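Here is the structure we will look at, set down as structure tokens.
The values are calculated or read from the model by the stated rules, or taken from the named source; none is laboratory data. Given the structure is predicted, the values throughout are model-derived calculations rather than measurements. Please note: Cβ atoms are built from the backbone with ideal geometry, for glycine as well, and neighbour counts cover all protein chains shown.
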Amino acid sequence: MADVELNIQLHPAQMKVFQSPARFTILVAGRRFGKTHLAAARASARALDPRNVKKKSVFVIAPVATQAKLLYFQTLLDLLHPVLHPKRPPQSNEGHIYLANGVMIGVKGSDRPDTLRGVGLWHVELDELADMKFETWESIIRPALADVKGTAGFIGTPKGRNHMWDLWCEAGGEGVYRGAGEVTTSGWQAFHYTSLDNPFLDQSEVQAAKESLSSAVFRQEFLASFETGSSDSFKHEWFRYSEKEPVYETDSA
């Protein structure tokens, strides 16, 4: 297949993750950072990697199959339009996109694990890892990468300190909080960005969210903080205080 150029546009923070040389990357980021666009761009680039001589598939996996197709199917078609297979049309029901170089991209849901088994993979993107069962990665996807030493990218916004937190820490993510920037550990690279790291996101919208959401929810959803409890679920300014003594009804019976 002749060399082609895809029109992939990424902001600086996205580009750092996209260009990582690590075999496995895990990105923790706030809402509207651009995680979905980044995953689609990286899956597209990996699907065209000439080193994939065995034509292994590339998968993009979200927690639910319908969600995966809604987020990724048309986006991938738009990105890969110049290199789609001329005689094998995309199969929307199965979530399969065929490229002229012989590689198939599968848009899948972790809620249908049987559709993920038995396929050797060159690369996989796992979107919103915190909402998936960890067994999806550990028992199904990781073994599928073994024969060609395939790569993987994890993206998501935190949802408490569950298995995504554990994996992020194993990848060196705690060092990011300590000011070490992007951290590389044994083939893994961990990234942390907030919604504010997207230069195209209106800052006033983030400020409006900060004023309307509880502190804990804002930190989790926009600052990509791994919140551990509900002790800060309310804002101080949401409460009104009275100097009058409360009057209690008593049972006179």
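Given the criterion in contact (Cβ under 8 Å) with a residue 12 or more places away in the chain and among the hydrophobic types (A, V, I, L, M, F, W, C), identify the matching residue among Val28, Val53.
Unique residue meeting the criteria: Val28.
Out of all the residues in the stretch 145-166, which are surrounded by fewer than 21 Cβ atoms within 10 Å (Cβ to Cβ) and in a helix (DSSP H, G or I)? Once the filter is applied, which keeps residues that are surrounded by fewer than 21 Cβ atoms within 10 Å (Cβ to Cβ) and in a helix (DSSP H, G or I), the stretch 145-166 yields His163, Trp165, Asp166. For the stretch 116-127, the criterion of being at pLDDT below 95, in a helix (DSSP H, G or I) and either under 18 Å from the mean Cα position of the chain (by Cα) or not basic (Lys, Arg) (or both) is met by at least one residue.
Residues Trp188, Trp168: which one is at pLDDT below 90, among the aromatic types (Phe, Trp, Tyr) and under 19 Å from Lys35 (Cβ atoms)?
It is Trp168.
No other residue among Ala130, Ala47 is small (Gly, Ala, Ser), without any contact (Cβ under 8 Å) to a residue 40 or more places away in the chain and crowded, with 21+ Cβ neighbours inside 10 Å apart from Ala130. Considering the stretch 184-204, and only residues there that are part of a helix (DSSP H, G or I) and free of Cβ contacts under 8 Å to residues at least 40 places away in the same chain, the residue that is nearest to Pro21 (Cα to Cα) turns out to be Gln203. With respect to (1) touching a Lys or Arg at 6+ places or on another chain (Cβ under 8 Å); (2) closer than 30 Å to His163 by Cβ, the lone exception for Ala47 is condition (1). Here Val60 qualifies as surrounded by 19 or more Cβ atoms within 10 Å (Cβ to Cβ) and β-branched (Val, Ile, Thr). In the condition set (1) among the polar types (S, T, N, Q); (2) more than 30 Å from Arg161 (Cβ to Cβ); (3) at pLDDT 95 or above, Gln9 is compliant with all but (3). Among residues of the stretch 207-224 that are assigned to a loop (DSSP other than H, G, I, E, B), those with a beta-carbon under 7 Å from a residue that is surrounded by 20 or more Cβ atoms within 10 Å (Cβ to Cβ) and among the aliphatic types (A, V, I, L, M) at least six positions away or on a different chain give the pairs Ala224/Val28; Ala224/Ala29. Taking the residues in the stretch 198-228 that are of a type in the set (Asp, Glu) and touching a Gly at 6+ places or on another chain (Cβ under 8 Å) as candidates, determine which candidate is modelled with the highest pLDDT. So, considering only residues that are of a type in the set (Asp, Glu) and touching a Gly at 6+ places or on another chain (Cβ under 8 Å), the one modelled with the highest pLDDT is Glu221.
Listed here are the helices (runs of 4 or more DSSP H) enclosed by the stretch 1-107 that have at least 2 residues being in contact with a strand residue (DSSP E or B) (Cβ under 6 Å, 6 or more places away or on another chain): 12-18, 35-47, 65-68. Against the definition (without any contact (Cβ under 8 Å) to a residue 60 or more places away in the chain and either surrounded by fewer than 20 Cβ atoms within 10 Å (Cβ to Cβ) or of a type outside the set (Ser, Thr, Tyr) (or both)), how does Pro82 come out, yes or no? So Pro82 fails the test.
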